[in-house]
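Okay, structure first, notes after.
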Amino acid sequence: MKSPPVTTPAAVAITLIGLEACLVRVEVDSGRGLPAFHLVGLPEACVRESRTRVRAALRHVGVELNEFAITVNLQPADLKKAGSGFDLAIALAVLTALGKVPRDSFTGALLLGELSLSGEMCAVRGVLPALLAARTAGLDRAIVPTANGAEAAAVVGIEARVATTLSEIVASVSGGEPLARAEPAPLGADDTATEDFAEVRGQHGARRMLELAAAGSHNVLMVGPPGTGTTMLARRLPTILPAMTADEALAVTSIHSVAGALLDHGLVRKRPFRAPHHTLSAPALFGGGCPVRPGEISLAHHGCLFLDELLEFRRPVLEGMRQPLEDGVVTICRARHRATFPARPLLVAAVNPCPCGFYGSTRRCSCSVEQVHRYKSRLSGPLLDRIDLHVTLPATNIDELTEGEPGEPSSAIRERVVRARALQQARADAKLTSTPYNASLTPTDLDAVATLCPRSRDLLRRAMDRLGMSARGYAKVRRIARTIADLDGSETLRVEHVSEAVGSRSLDRNLEQAAMPRAS
């Protein structure tokens, strides 16, 4: 006589849609009969393959499924399930249905983990946003792989336990030793001092622009021939940025966790610096794939995104940056769902003045006027208009390199940047602005904290007429002037602040001259 079927209480797992973690109930119906292992609830290929991994892992804890008919249901049934993190929930739900572990062992617990064929727990991605979603849903504990322990420990308000094997979990709920608590990763040595602005000689204009960029979170474009220090300067920009706040660290860690770039590390404490090659595709920069993962522009969130040789990037990649630079988010739409990733990095772009790179420098340029014009036209006006600061880097002479004094150290610049950002944060806390970053001030914010005197308005009016400045450019000049005033410790905008801001927004002279015929 066949045994009556048994349905287990639902275990809880997670599926990720971008950064959003959706809770999934894992139900198991089991009974004796012809051996079968059915998995329903819109599982993707990786989830369907969990049947093989779970069957082998259960064999290593002494449970054979050859005489059972098992049906696993993943609720909600109309939501696609992707990823390997369902293995643990399915395995423990099966063991509960077969009576191998106490029936209510995992009530109120989030179960995340991939199983090897021998029953070892393997790391999965997205643990941090998964635990945040579980806490919001009212769950009070979680079991994750040991490799994800440091990440899980970063979430306050939920008890995270770690395990290295499935048998370790089974022994624990059957009266054995309790599972170890997740522990945060130890603080590592500060490696931000490996590069320093003191190593940069000359290029005072570019150094000033990067200080403005760091103080107000403004994007910056550097134009200059090869060897003028654009890469050297860009790589030292993180050394003058303030430390991340707790909220920023959680946001950055969540993105890196979903991308699978975190593994056994805990909270990301150092601002990210991403420098993708110019051959990357649009999905690699903005995000994509199945399941959807963040791209380079999101991985650089709250950090720096360095695009060297900007005009060598594909046109769809360049033009696709317009919306993220304006809105600070990337939205990727698919047939069944849409994923939104934050994307507010500090963009640093570098370009040469012409294809050979030496137009306007001491070396002879081999490009024709048409080549220079065609090269310059790759950078569209709308995209250039969204980059706050423009700076030309002249060729460094030998005297500056051999006899010039070392530049100002990063620590001194960083102190000024931290003070300027503290002023911005204070205005946001006092509800004078809606954001702590000058680069993101709204028109209402600008009217509140960046009021122009009559002389400044007249200066801006003449600049708009002479430079053909757009309304967006007008707003950016006011934001930059606000940052200059913050660095100067001034509550009001003075004419000199606005004047410097106008100069920082002027189109690069090399790019302007590139379209002009050369004198014979």
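The numbers here are math on the coordinates, done by the rules we state, and not lab data. This structure is a prediction, so every number in the text was calculated from the model and none was measured. Neighbour counts run over all protein chains shown; Cβ positions are idealised from the backbone, glycine included.
Scalar couplings 3J(HN,Hα) for the range 356-364, obtained by applying the Karplus form with A = 6.51, B = -1.76, C = 1.60 to θ = phi - 60°, are 7, x, 10, 5, x, 9, 6, 8, 6 Hz; x denotes Gly and Pro.
May I ask you to order 368-378, 68-78 by the average number of other C-beta atoms within 10 Å around their residues, highest value first?
Details: 368-378: 15.6, 68-78: 17.5.
Descending packing order for the listed peptides: 68-78, 368-378.
Between the C-alpha center of the range 304-357 and that of the range 208-286 there is a gap of 13 Å.
Using a ≥ b ≥ c from the Cα gyration tensor of the range 323-383 (square roots of the eigenvalues), is it rounded, prolate or oblate, where a/c under 1.5 gives rounded and otherwise the larger of a/b and b/c decides, a/b for prolate? Verdict is prolate for the range 323-383. Over the chain, dividing the summed -39,500 (n - 2.57) contributions of all DSSP H runs of at least 4 residues by the number of residues returns a 222 nm mean residue ellipticity of -10500 deg cm²/dmol. Near LEU19, the amide H atoms lying under 5 Å from its own belong to THR340; only residues 5 or more places off or on other chains count, and H is placed 1.01 Å from N. Residues of the range 146-169 with amide nitrogen under 16 Å from the 7 Å Cα-to-Cβ point of ALA180? Counting backbone N atoms under 16 Å from the label point, the list is 146-154, 160-169. Give me the distance between the Cα centres of the range 122-200 and the range 433-493, rounded to whole Å. Answer, in whole Å: 44.
Counting only other residues whose beta carbon sits under 10 Å from that of ILE17, what net charge do I get with K and R as +1, D and E as -1? Before the final figure, lay out each step's value.
Working: positive: LYS80, ARG334, ARG336, ARG338; negative: GLU20.
So the environment of ILE17 carries a net charge of +3.
With a cap of 15 neighbouring Cβ atoms within 10 Å, and only residues DSSP puts in a loop, list the trypsin sites (Lys or Arg not before Pro) found in the range 391-478. Write out the running numbers ahead of the final one.
Values: sites: ARG414, ARG416, ARG419, ARG421, ARG427, LYS431, ARG455, ARG457, ARG461, ARG462, ARG466, ARG472, LYS476, ARG478; in loops: LYS431.
Sparse-neighbourhood loop trypsin sites (Lys or Arg not before Pro): LYS431.
Within a straight-line Cα-Cα reach of under 15 Å, LYS431 can be paired with the following aspartates and glutamates, leaving aside sequence neighbours fewer than 8 residues apart in one chain: ASP445, ASP447. 3J(HN,Hα) couplings calculated from phi for the range 202-210 with the Karplus curve 6.51 cos²θ - 1.76 cosθ + 1.60 (θ = phi - 60°) are, in sequence order, x, 6, 5, x, 5, 4, 5, 5, 5 Hz; Gly and Pro show x.
For LEU110, the residues whose modelled amide H falls within less than 5 Å of its own, excluding neighbours fewer than 5 places apart on the same chain, are ARG141, ALA142, ILE143.
For THR435 and GLU159 in the same chain, what is the full-extension length gain: residue separation times 0.36 nm, less their Cα-Cα distance, in nm? Spell out each step's value before the answer.
Values: separation 276, 0.36 × 276 = 99.36 nm, distance 3.33 nm.
The span from THR435 to GLU159 would gain 96.0 nm if fully extended.
Among residues other than ARG494 with Cβ under 15 Å from its Cβ, the summed charge is -2 (Lys and Arg +1, Asp and Glu -1).
The HN-Hα couplings worked out from phi for the range 63-79 by the Karplus form 6.51 cos²θ - 1.76 cosθ + 1.60 (θ = phi - 60°) are 10, 9, 9, 5, 10, 10, 9, 10, 10, 10, 10, 9, 9, x, 6, 9, 9 Hz, whole numbers, x standing for Gly and Pro. What is the range 267-352 by shape, rounded, prolate or oblate, if you read a ≥ b ≥ c off the alpha carbon gyration tensor as root eigenvalues and call it rounded for a/c under 1.5, prolate for a/b larger than b/c, and oblate otherwise? Oblate, because a/c is 1.5 or more while a/b does not exceed b/c.
Given the alternatives [x] -0.21, -0.84; [y] -0.27, -0.85; [z] -0.29, -0.96, log10 I(q)/I(0) by the Debye sum over Cα atoms at q = 0.05, 0.10 Å⁻¹ as computed for this entry is given by [y].
Would the range 255-408 count as rounded, prolate or oblate if I go by the C-alpha gyration tensor, calling it rounded below 1.5 in a/c and otherwise prolate when a/b exceeds b/c, oblate otherwise? Intermediate results must be reported in sequence, preceding the final value.
Values: a/c = 2.68, a/b = 1.54, b/c = 1.74.
It comes out oblate by the Cα gyration axes.
Amide H to amide H, with H built 1.01 Å from N, VAL330 comes under 5 Å of PHE341, ALA343, counting only residues 5 or more places away or on other chains.
Under a Cβ-Cβ cut-off of 12 Å, what is the net charge of the residues other than ASP327 that fall near it, where Lys and Arg count +1 and Asp and Glu count -1? Intermediate values should be presented prior to the final figure.
Working: positive: ARG322, ARG344, ARG386; negative: GLU326.
Value of the local net charge: +2.
One chain, two ends: CYS290 and LEU42. Fully extended at 0.36 nm per residue, the span grows by 87.9 nm beyond their Cα-Cα distance. For LYS100, the lysines whose Cα falls under 25 Å of its own Cα, not counting residues fewer than eight places away in the same chain, are LYS2.
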